[in-house]
Every structure is written in structure tokens, then in C-alpha cells.
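Worksheet: one structure, shown below.
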Amino acid sequence: MKKLVLLAALLLPVMAYAQRDIPFTSSKPFNKGNFKIDASYSQLMQKIPYSGYPDFRVGIGYGITNWCVVGVFGSFGTHESLMKIGGGTMYNGTDTIYEPLLFDGKMIERYYHYGIDAELHPLTLLLPNFYFVDIYCRGELGMRTVTEQYKPDYDSPSTEPVRNNFLYGGSVGVAVNPSKYFGVFYELAFDNLNKEYKPKTDEIKTKAIHRFGLNVRFPGPKKWQR
């Protein structure tokens, strides 16, 4: 957060100058009346005892004002891990008994996120037509659905349980837009389900999400831009 504040302070003089300059400004507001599509990638979560869950996300938003964009989002990710449960030998006093593995194979976990979000763009209150740099914050509400599919090496049935969890979170982001129609962005995000296990302290803590992506803007019907 401190780095984002420092970056904003350094960029303000540039933005103030660019507001007067043609290349980085538009004759129309940056967000109002426009649709925005963003696609991003992040390492989503560290689930005990695994790590590094990739997440591919797409969001669609509409600027109801120049400083507020509302929309929907959805994401998908998958993770595979090898598992061995049970198995071994034991001695009951007279005989050695072998207990076969209860499961020997891999687990494929798939997870989906979907919901609604809202973005606030405070810089547009000062520089309504400037588009080169955009600093914003986002809040979101939704659901996480997780499925687990087991693929054992032996002839035992696979199972696919489904879990649904309420999801809420937020992020702060910085976008650089070479054109008023497209740009790249970085977001630092947190949500209630993204947790990390700290083995030294035996604690489970919220883990940050580092999200990188592309955004594309295009105007809606002219009557919506009024």
C-alpha cells in the first residue's frame, strides 16, 4: 500500500501536465458510458498442504459514472497433486499383516469464482478525461465452488464432492493505458478464503493475491454515455 501511495504522489505532476496535453486525454469521460473487459492471471491461494494455485479471471464492467464501474466477474483454476493414503504392514503378535493402500493416485481440484464487483476511480474526479495512468480500488461479492476428482492407480471408484463458500474481498490497482481503449494493470487483492499456512507458528493467515492483466474499453450506445 505504501508503494502505491508513493507511486501516486510521483505521478500526480505528470498527470496534471498530461491533462493539458492531447496525447493522454480524451474529449469524452474515461469511464462513464463505456464497457470494460479485463482478463488477468494470478497465483490464487495456498491451501494446506499445497501451494501455488493459478487463477484465470475475466471481468465485464460498465461505467455508470466516471468514477464508478460496476460489473460481474468469473474465474477458473485447477491443481493436481499426488496422494497416498493408508497402506503398510503391522505385526499382531503372531502374524505380519499387510494393509493395502486405501488410495494411491492423484487428486485434481478445480475451483470457480463468480460474482459482482464495483470499482472506484478517484483520479477521474480530478482528471475526468485523463487515461494514461489509472489508480483504483475494487470490492467484490460472490461464491467459490470447488470440485475434487480422484484418479487412483487401482480399481476403486472416483469421487467428486462439491464445496460452495461465500466469497468477499477487495483490491487496489494501478493501470497504464497507452490508449483509451486498452491497457495493462496490476492489482494487490485480498479475500476471506485465500489463506496461507505458517508451519513455524502453526497459524493460518490471509494471503495477498498478486494479479496481472489486460483491460479493453469500448463505448456503449451513445444514449448511455450522456
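Just the residues that are at pLDDT 85 or above, among the aromatic types (Phe, Trp, Tyr) and open to solvent by 20 Å² or more (accessible area, probe 1.4 Å), please, taken from the range 132-150.
Our first condition is that a residue be at pLDDT 85 or above; within the range 132-150, this holds for 132-147.
Going one step further and asking which of them are among the aromatic types (Phe, Trp, Tyr), we end up with 132, 136.
Correct list: 132 only.
I'd like to verify a number: residues in the range 151-181 that are of a type outside the set (S, T, N, Q) and at pLDDT 75 or above, how many?
15
Could you look through the range 186-220, keep only residues that are among the basic types (Lys, Arg) and part of a strand (DSSP E or B), and pick out the one that is nearest to the chain's Cα centre (by Cα)?
So the first thing to find is which residues in the range 186-220 are among the basic types (Lys, Arg), and the list is 195, 198, 200, 205, 207, 211, 217.
Narrowing further to those that are part of a strand (DSSP E or B): 195, 198, 205, 211, 217.
Details: 195: 14, 198: 22, 205: 18, 211: 6, 217: 19 Å.
In this case the residue turns out to be 211.
I'm told residue 224 meets every condition in (1) open to solvent by 40 Å² or more (accessible area, probe 1.4 Å); (2) modelled with pLDDT of 85 or more except one. Can you identify the failing condition by its number?
(2)
Among what's in the range 52-90 and is part of a loop (DSSP other than H, G, I, E, B) and surrounded by 13 or more Cβ atoms within 10 Å (Cβ to Cβ), pick the residue that is modelled with the lowest pLDDT.
Going through the range 52-90, the residues part of a loop (DSSP other than H, G, I, E, B) turn out to be 52-53, 64-67.
Okay, now just the ones that are also surrounded by 13 or more Cβ atoms within 10 Å (Cβ to Cβ), so 53, 64-67.
Values: 53: 77, 64: 93, 65: 93, 66: 91, 67: 94.
Filtering first and then ranking leaves 53.
The values are calculated or read from the model by the stated rules, or taken from the named source; none is laboratory data. What you are looking at is a predicted structure, and each value in this text was computed from that prediction instead of being measured. Heads up, the Cβs are rebuilt from the backbone with ideal geometry, glycines too, and the neighbour counts pull from every protein chain shown. Remember, those area values only see protein heavy atoms, side chains included, never the ligands or the DNA or RNA. Shrake-Rupley method; radii C 1.70, N 1.55, O 1.52, S 1.80 Å.
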